Amino acid sequence: MRRHDLDPVSLTFGLLFVGVAAGWLAVRSDAIEVEDLRWFYTGLLLIAGAAGTAISLLRDRARTVPADLAPEPDADVSVVDSPEAQS
């Protein structure tokens, strides 16, 4: 199976959806009052935003290749395992 890239937008909205569902469940089970949800949702938005930002920054950092590791434009590239090289 081919591994796909991480989508920070989908992950952030997934976290928000789970948080909203958790808040609804907490109110329905009388664990917290409705007035307390403002702090819960504020924290949820801050955490989801920080996670989305961190993932985006780490993803961009992983895509950049340092100049000393990048291949030279006129480098000689040879195929090692070609059938012609084995005969």
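The numbers here are math on the coordinates, done by the rules we state, and not lab data. Worth saying up front: this structure is predicted, and the values here are computed from it rather than measured. Ideal geometry is used to build each Cβ from the backbone, glycine not excepted, and the neighbour counts take in all protein chains shown.
Things to note:
- Exposure proxy for L16, L6: other Cβ atoms within 10 Å of each Cβ, ordered fewest to most, give L6, L16.
- T53-W24 pseudo-label distance in nm [points 7 Å out on the Cα-to-Cβ vector]: 2.9 nm
- Rg [Å, one decimal], Dmax [Å, integer] - the stretch 1-49, C-alpha atoms: 13.9, 46
- Taking the fewest neighbouring Cβ atoms within 10 Å as the starting point, the ordered list for V27, V9 is V9, V27.
- Residue-wise HN-Hα couplings along the stretch 19-33, as the Karplus relation 6.51 cos²θ - 1.76 cosθ + 1.60 with θ = phi - 60° gives them from phi, are x, 5, 5, 5, x, 4, 5, 5, 5, 5, 8, 6, 6, 9, 8 Hz; Gly and Pro carry x.
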